[in-house]
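Visitor: Here it is, the structure, as structure tokens.
The values are calculated or read from the model by the stated rules, or taken from the named source; none is laboratory data. If you're wondering where the values come from, they're calculated on a predicted model, not measured in any experiment. Ideal geometry is used to build each Cβ from the backbone, glycine not excepted, and the neighbour counts take in all protein chains shown. Heads up: the accessible areas ignore ligands, DNA and RNA and are worked out on the full protein's heavy atoms, side chains in. Shrake-Rupley method; radii C 1.70, N 1.55, O 1.52, S 1.80 Å.
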Amino acid sequence: MYIILVILLSTTLASAQPGKCDQTPPQATILTPSENKGLFKMTIDSKGDDSNIYRPDQTYILILTTSNTTRPFRWFMITVEDPDIDKGAFEFDLRSEDVGSLKTTNRQARYSERCYNSVENTDNSDKYRVEIHWVSPKQYEGKEKVRLRAMIAENGESWYVGENLTIELKKDDQRALDSPPFDPVDPCNLCSEARYEVIFKGRWSRMSHPLHYPSRPDDNSYSHMVGASHAYKYLLWKPGDKASLGLKRLAEDANVTEIEREIIKAMSKENGTRTLIRGKRRRHPHMFEPAHSLFRVDRVHHLFSLVVAMKPSPDWFLGVYNFELCTKEGWLEDYEIPLYPWDAGTMDGVSYESPRSVTQPVDNVERVAVGSFDADSPFYQLNLNDLKAFAKLQVTRLDVYPLVGVDCEGTNEEGPQEEGEKQNAENIAEPLLLESRQYLDQKQCALGKWNEWSPCVPDSGNCGPGTQLRTRNKQRHYNSEHLSQASAGSCQQDQDGALIQSQYCFVNCT
């Protein structure tokens with residue numbers, strides 16, 4: 001009985017290999033590797049990039065070759081690892097290290113039972129070229145350096161490692177294509193507030209994304225655009241985290257009710273959220289029409305995040321998270337980024353029209369499997385750089401309002417505003433929840449009081465979430481001390497216009 005326990009324990013330890021992988025072939029009769037002299041090589045198809053870097057969330061092809069057609073190889077192994085593993089065999093839990101993953105694409109290779117993150121030959125046939133795919137680490141978890149290490153063996157006496165068979169890569173320090181231009185900062189030291197417009201512009205079509213495009217395009221749609229301006233510590237969503245109930249319902253069913261409730265519940269002057277961002281839902285054939293929303297930011301709530309669900313899909317959505325608007329030079333003026341699909345991790349499925357199946361257990365929010373090895377996927381063996389954007393998101397600064405009575409020493413902005421500026425700023429009331437697009441130059445025309453809110457109009461049917469509006473008119477008079485004659489004339493010409501605000505509302509279903 002004791003002998004059996006010892007054997008089982010020994011087998012478990014041998015198969016786990018917590019330290020650096022020993023690539024010595026099991027068939028070796030000589031335990032010292034031979035000198036390679038450039039006969040066998042491992043190269044990486046970097047798709048035009050610097051061969052010494054890797055881009056996160058990309059698929060690369062590793063190629064093993066012989067330079068002599070009379071000298072094939074029989075056995076091989078490829079291991080991907082953290083170079084720091086050389087510091088000590090038991091300092092690393094290899095199962096938790098994100099160094100990417102190796103993928104076997106044919107019958108020449110299998111996953112190794114001897115070492116983590118390794119593949120090896122399946123048979124003893126002569127080989128002249130072998131291709132293995134490596135999916136690089138995720139953007140937010142990947143190691144700064146990754147090493148790909150190969151072993152090639154001609155026979156039990158002649159096997160090779162080291163020179164020409166080892167590749168070390170650094171993580172590309174460039175931002176991902178869909179990353180905001182600045183990292184989040186805490187605190188934001190700007191001595192002002194700002195008003196922004198965000199525009200979501202859909203780009204998903206059969207022409208731009210033909211692979212496995214939905215069979216019933218009339219059912220295609222984007223959900224409402226929904227999000228918030230928020231504080232540094234607030235998270236609407238983030239890769240690597242579990243989706244909230246609100247994000248789950250939006251991603252699965254395009255239902256924004258719960259996520260809007262989450263945003264509204266988190267509203268606070270000291271932290272949490274400030275403005276609920278909400279844009280119109282776009283359905284086929286109007287999916288290229290933009291969705292707009294206005295929002296406000298301040299020294300506490302200086303970031304924004306938003307999401308838009310894609311339908312049909314299992315649980316995919318587009319969006320940005322922790323988009324920083326506070327910079328050293330002031331509030332960001334204008335920026336546009338492409339958007340690519342994310343997976344909420346709550347439903348299984350590889351394609352737009354995959355049958356609905358709940359993910360058990362629930363996964364983290366991740367980028368949709370770009371570079372997928374499933375032929376039914378619309379991203380089959382495609383890298384992010386190869387994809388056309390599914391949408392564009394543009395954020396534009398409209399106004400900046402200096403803070404009153406605040407010590408702005410040490411900032412790049414002007415000090416406390418003058419009384420006239422204060423009056424103009426106070427004329428622009430901010431809805432607590434949501435602003436629709438306003439077409440009047442607020443700096444040129446004085447504004448009247450808001451009218452009452454209109455009845456709540458459900459987004460669909462007779463009940464549920466909806467929108468209500470209110471308006472106010474421009475005043476006919478003007479203060480000549482604050483307006484030029486030209487500005488006043490412009491204001492009088494447009495005096496019948498009105499500003500519109502909208503906010504979220506809910507009609508109970510009875």
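Visitor: As an exercise: evaluate LEU245 against (1) touching a residue at least 60 places away in the same chain (Cβ under 8 Å); (2) farther than 20 Å from TYR196 by Cβ; (3) of a type in the set (A, V, I, L, M); (4) open to solvent by 10 Å² or more (accessible area, probe 1.4 Å) and give the number of the one condition it does not meet.
Guide: Tallying (1) touching a residue at least 60 places away in the same chain (Cβ under 8 Å); (2) farther than 20 Å from TYR196 by Cβ; (3) of a type in the set (A, V, I, L, M); (4) open to solvent by 10 Å² or more (accessible area, probe 1.4 Å), LEU245 fails exactly one: (1).
Visitor: Considering GLY349, GLY330, which residue is at positive phi and without any contact (Cβ under 8 Å) to a residue 40 or more places away in the chain?
Guide: Numbers: GLY330 fails: without any contact (Cβ under 8 Å) to a residue 40 or more places away in the chain.
Exactly one of GLY349, GLY330 is at positive phi and without any contact (Cβ under 8 Å) to a residue 40 or more places away in the chain, namely GLY349.
Table: residues versus (1) at pLDDT 95 or above; (2) over 24 Å from ALA176 (Cα atoms); (3) crowded, with 24+ Cβ neighbours inside 10 Å.
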{"position": "PRO285", "(1), (2), (3)": "no, yes, no"}
{"position": "LEU306", "(1), (2), (3)": "yes, no, yes"}
{"position": "ASP315", "(1), (2), (3)": "yes, no, yes"}
{"position": "LYS328", "(1), (2), (3)": "no, no, no"}
{"position": "GLU333", "(1), (2), (3)": "yes, no, no"}
{"position": "GLU336", "(1), (2), (3)": "yes, no, no"}
{"position": "GLY349", "(1), (2), (3)": "no, yes, no"}
{"position": "PRO355", "(1), (2), (3)": "no, yes, no"}
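Visitor: Right, next: Say whether the condition of being open to solvent by 40 Å² or more (accessible area, probe 1.4 Å), over 12 Å from LEU148 (Cβ atoms) and not in a loop (DSSP other than H, G, I, E, B) is met by at least one residue in the range 31-38.
Guide: no
Visitor: Could you tell me which residue of the range 221-242 is nearest to the chain's Cα centre (by Cα), considering only residues that are surrounded by fewer than 16 Cβ atoms within 10 Å (Cβ to Cβ) and either closer than 15 Å to VAL362 by Cα or of a type outside the set (A, V, I, L, M, F, W, C) (or both)?
Guide: Filtering first and then ranking leaves LYS238.
Visitor: When you look at GLY227, is it in contact (Cβ under 8 Å) with a residue 60 or more places away in the chain and closer than 30 Å to PRO285 by Cβ, yes or no?
Guide: The answer is yes for GLY227.
Visitor: Next question. Mind checking which residues of the range 365-381 are open to solvent by 50 Å² or more (accessible area, probe 1.4 Å) and under 17 Å from the mean Cα position of the chain (by Cα)?
Guide: Residues of the range 365-381 that are open to solvent by 50 Å² or more (accessible area, probe 1.4 Å), as a first pass: 369, 373-376, 380-381.
Residue satisfying the conditions is ALA369 alone.
Visitor: Any idea which residue in the range 442-464 is modelled with the lowest pLDDT, counting only those that are open to solvent by 30 Å² or more (accessible area, probe 1.4 Å) and touching a Ser or Thr at 6+ places or on another chain (Cβ under 8 Å)?
Guide: Across the range 442-464, the extreme among qualifying residues is GLN444.
Visitor: How many of the residues making up the range 187-202 are more than 23 Å from the chain's Cα centre (by Cα) and of a type in the set (Gly, Ala, Ser)?
Guide: Count: 2.
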